[in-house]
């Protein structure tokens, strides 16, 4: 399904230079980016540890754009209110981490955040059918989670198309977010498959001119 609207761009802060984090945040503030994407990893649910509440609190004090927090942790329900208190706009939890996913989604909404559900590359799109009308966002992991800079998994396009079909069929207003391996090489194909939001980490922050890269992604280039 052809998607003509310009995507939302959410640079992934995990790829930023943490020694100059305030400068990196200012760059995103002044760019065409729409959100800050924050990956929270616990070293248990995924094989890496990223950053926690103190860093997010610091980011929220300087960020002028909404915080999009992606929880890659076990038992995310324990922290829903904590992330709301930190100023999170969108909170995404993993399908694979939530025993009672519908309840988790409602808890996020009750904490005045929009609710996202993420799925691993090996998780089938149709498993989200029961909650597709409840979620505000579906995050499709297009690399195996844990570490930045990994290669895009090519069969992700079919999964995005399946999700788009499910969203249209159910009348859901959920947006499809792509997380992992997004570059200028696949942006057109991702949008054509039905993506709405692009998370980009290394491709943005390791660029000579990150703002220009963000501006091009925003235009679907």
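Laboratory data are not the source of any read-out in this text; all were calculated from the coordinates shown. As the structure is a prediction and not an experimental result, all values here were calculated from the model. Note: ideal-geometry Cβ built from the backbone for every residue, glycine included; neighbour counts use all protein chains shown.
Numbers at a glance
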{"quantity": "Virtual spin-label span in nm between residue 122 and residue 134, 7 Å along Cα→Cβ", "calculated": "2.5 nm"}
{"quantity": "Sorted peptide list for 105-112, 133-140, criterion being average Cβ within 10 angstrom, highest first", "calculated": "133-140, 105-112"}
{"quantity": "Förster-model FRET efficiency, 41 Å R0, residue 85 and residue 216, C-beta, rounded to 0.05", "calculated": "0.70"}
{"quantity": "Stretch gain in nm, segment residue 23-residue 58, where the contour uses 0.36 nm per residue and the Cα spacing is subtracted", "calculated": "11.3 nm"}
{"quantity": "For the chain, calculated [θ]222 nm from helices alone, where every DSSP H run of n ≥ 4 adds -39500 (n - 2.57)", "calculated": "-9000 deg cm²/dmol"}
{"quantity": "Cα gyration tensor, the stretch 1-109 - rounded (a/c under 1.5), prolate or oblate", "calculated": "oblate"}
{"quantity": "Zero-based 5 Å bins, Cα pair distances in the stretch 80-151, whole percents", "calculated": "3, 17, 27, 22, 16, 12, 3, 0"}
{"quantity": "Among 175, 159, 151, residue whose mean-square fluctuation peaks in a GNM of the chain (springs only between Cα atoms under 10 Å)", "calculated": "151"}
{"quantity": "Rg/Rg_globular for the stretch 79-121, with Rg_globular taken as 2.2 N^0.38 Å and Rg from C-alpha atoms", "calculated": "1.08"}
{"quantity": "Gain on full stretching of the segment that runs from residue 96 to residue 207 - 0.36 nm per residue minus C-alpha separation", "calculated": "36.7 nm"}
{"quantity": "Computed E for residue 32/residue 189 - FRET, C-beta separation, R0 22 angstrom, nearest 0.05", "calculated": "0.60"}
{"quantity": "Paired Rg and Dmax values of the stretch 93-221, which use every Cα atom, in angstrom", "calculated": "14.8, 44"}
